[in-house]
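**Student:** Take a look at this one; I'll ask things after.
The values are calculated or read from the model by the stated rules, or taken from the named source; none is laboratory data. What you are looking at is a predicted structure, and each value in this text was computed from that prediction instead of being measured. Cβ atoms come from the backbone with ideal geometry, glycine included; neighbour counts cover every protein chain shown. The area values use the complete protein model at the heavy-atom level, side chains included, leaving out ligands, DNA and RNA. Shrake-Rupley method; radii C 1.70, N 1.55, O 1.52, S 1.80 Å.
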Amino acid sequence: MMATSYFNKYGLSPEEGKRMLAKIMVKNHHNGSLSPKAHFQREITIEQVLNAPIIAWPLGLFDCCGVSDGAAAAILVRGDKARSFRKDPIFVKALQIAVGWQEGYMNPQHDWTMVKETYQAGLAAYAEAGIKNPRNEISMAEVHDCFSITEAVIYEDLQFTRRGGAREEVDAGTFELTGDLPINMDGGLKCFGHPIGATGLRMMYEIYKQIQGKAGPRQVKHRGWA
């Protein structure tokens, strides 16, 4: 429903829409091929995505993440104690959560081209961190790519591009490792699978390694910070 609604609202033919989504998955598989802890560590092509068996039209096999086993853990300490545990801790500047009433299911006027909770959580986190322009101030991101269309919509919900602008950014390579705003540098849920409770912490772990400059071949070197 999200994919077909997005295509319709922003004037994409099914072929154009599916190709946009395919490019997102090709990107994530490339990144996953550089991630030794990923479940799937191989590249795929746009043609493979477009020709894959359909799971729920227009989403095919490669548009959907796997459901894998996995675990993740983190050690959190007070900021003033962090350097007594290690020399290169990472400090959290903002933490926000938003919940809603499942508007998409409850409100027949909802157009399925955004997730309001994601948008509101982003606004709150940006305000706490003092971020005024996410597109220009965010250097990289891990987002929830359970399906290809979910990642595309999150680009817009988190203001990495304007509403309806995901396709032009994908075509421009904006969210690739060498782009202006790399996203899912480790391959995302698409390559790690989705062991539910472990997923969010795994995403944070990738940011942790990136900020430390210890992400190996997928390390982002961007805007002078790494």
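**Student:** Working only within the range 49-66, note down all residues that are in a helix (DSSP H, G or I), surrounded by fewer than 20 Cβ atoms within 10 Å (Cβ to Cβ) and either touching a residue at least 24 places away in the same chain (Cβ under 8 Å) or among the small types (Gly, Ala, Ser) (or both).
**Tutor:** If the condition is that a residue be in a helix (DSSP H, G or I), surrounded by fewer than 20 Cβ atoms within 10 Å (Cβ to Cβ) and either touching a residue at least 24 places away in the same chain (Cβ under 8 Å) or among the small types (Gly, Ala, Ser) (or both), then LEU50 is the only one that fits.
**Student:** Based on this model, can you work out whether HIS29 counts as within 23 Å of HIS194 (Cβ to Cβ), of a type outside the set (A, V, I, L, M, F, W, C) and open to solvent by 20 Å² or more (accessible area, probe 1.4 Å)?
**Tutor:** no
**Student:** Please give the helices (runs of 4 or more DSSP H) falling wholly within the range 67-162 in which 2 or more residues are open to solvent by less than 40 Å² (accessible area, probe 1.4 Å), modelled with pLDDT of 95 or more and more than 23 Å from LYS214 (Cβ to Cβ).
**Tutor:** 116-129, 148-157
**Student:** Could you check the range 55-66 and list, in sequence order, the residues that are modelled with pLDDT of 95 or more and out of contact with any Cys (no Cβ under 6 Å at 6 or more places or on another chain)?
**Tutor:** ALA56, TRP57, PRO58, LEU59, GLY60, LEU61, PHE62, ASP63, CYS64 - these are the residues of the range 55-66 that are modelled with pLDDT of 95 or more and out of contact with any Cys (no Cβ under 6 Å at 6 or more places or on another chain).
**Student:** Taking ILE46, is it open to solvent by 50 Å² or more (accessible area, probe 1.4 Å) and not polar (S, T, N, Q)?
**Tutor:** Criteria not met by ILE46.
**Student:** Further, regarding this structure: Can you tell me which residues in the range 1-48 are hydrophobic (A, V, I, L, M, F, W, C) and in contact (Cβ under 8 Å) with a residue 60 or more places away in the chain?
**Tutor:** MET1, MET2, ALA3, LEU12, MET20, LEU21, ALA22, ILE24, MET25, LEU34, ALA38, PHE40
**Student:** Identify the residue in the range 1-18 that is assigned to a helix (DSSP H, G or I) and among the polar types (S, T, N, Q) and, among all such residues, is least open to solvent (accessible area, probe 1.4 Å).
**Tutor:** SER5
**Student:** Here's something else I'd like to know. When you go through (1) open to solvent by 20 Å² or more (accessible area, probe 1.4 Å); (2) at pLDDT 95 or above; (3) not in a loop (DSSP other than H, G, I, E, B); (4) not charged (D, E, K, R) one by one for VAL170, which number turns out not to apply?
**Tutor:** All conditions pass for VAL170, except number (1).
**Student:** Just to verify a result, which residue in the range 173-191, among those that are surrounded by 24 or more Cβ atoms within 10 Å (Cβ to Cβ) and either among the small types (Gly, Ala, Ser) or assigned to a helix (DSSP H, G or I) (or both), is farthest from the chain's Cα centre (by Cα)?
**Tutor:** CYS191
**Student:** Any residue in the range 201-219 that is on the phi > 0 side of the Ramachandran plot sitting within a Cβ distance under 6 Å of a residue that is open to solvent by 50 Å² or more (accessible area, probe 1.4 Å)? List the pairs, counting only those 6 or more apart or interchain.
**Tutor:** Listed by first residue and then by second, the contacts come to GLY213/ALA226.
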